[in-house]
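> Just passing along the structure, written as structure tokens.
The values are calculated or read from the model by the stated rules, or taken from the named source; none is laboratory data. Since the model is a prediction, treat every value here as computed from it, not as a measurement. Neighbour counts run over all protein chains shown; Cβ positions are idealised from the backbone, glycine included. Note: accessible area is taken over every heavy atom of the protein model, side chains too, but ligands, DNA and RNA are not part of it. Shrake-Rupley method; radii C 1.70, N 1.55, O 1.52, S 1.80 Å.
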Amino acid sequence: GAYLLPRCQGWSEERFGLLALNAKGDLLAERILSQGTATATLISPREFFREALRYGASTALAFHNHPSGDPAPSREDIQLTRRLQAAGESLGVPLADHLILGRERYHSFRAAEGWDQRG
């Protein structure tokens, strides 16, 4: 979040991106995969993980911004996160997190939902 927040300030439309990470959590690549209207951008789990695999990622972090400045996740954001998690598990490239970037704050699905505490 601290890395991404300053980078997306001033984006007027929604952009969806990927951070490809190696096993140590080092950044291999940062890619913007789509940019949309002011309200929505859709990305398919297939394109997301295709990019992650291109860079040989061990895990992949999804991020997108909310131009409104409010990082609260929408229903679509929650559904997409579930689909990315499921796809990542089946490909063996787990989703590290999905960050929604607002103006000064961001929402981390990992932190909010306690992914680290599970199972």
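> Does the range 13-30 contain at least one residue that is under 23 Å from ALA86 (Cβ atoms), open to solvent by 50 Å² or more (accessible area, probe 1.4 Å), at pLDDT 95 or above and among the basic types (Lys, Arg)?
no
> Same structure, new question: Restricting the search to the range 55-74, which residues are farther than 20 Å from ARG103 by Cα and either out of contact with any Lys or Arg (no Cβ under 9 Å at 6 or more places or on another chain) or of a type in the set (Phe, Trp, Tyr) (or both)?
Scanning the range 55-74 gives TYR55, GLY56, ALA57, THR59, ALA60.
> If you don't mind, another one. Return yes when GLY36 is over 12 Å from the mean Cα position of the chain (by Cα) and at positive phi and no when it is not.
The answer is no for GLY36.
> Filter the range 34-85 down to residues that are among the small types (Gly, Ala, Ser), open to solvent by less than 20 Å² (accessible area, probe 1.4 Å) and not in a strand (DSSP E or B) and give me whichever is farthest from GLU14 (Cα to Cα).
Result: ALA57.
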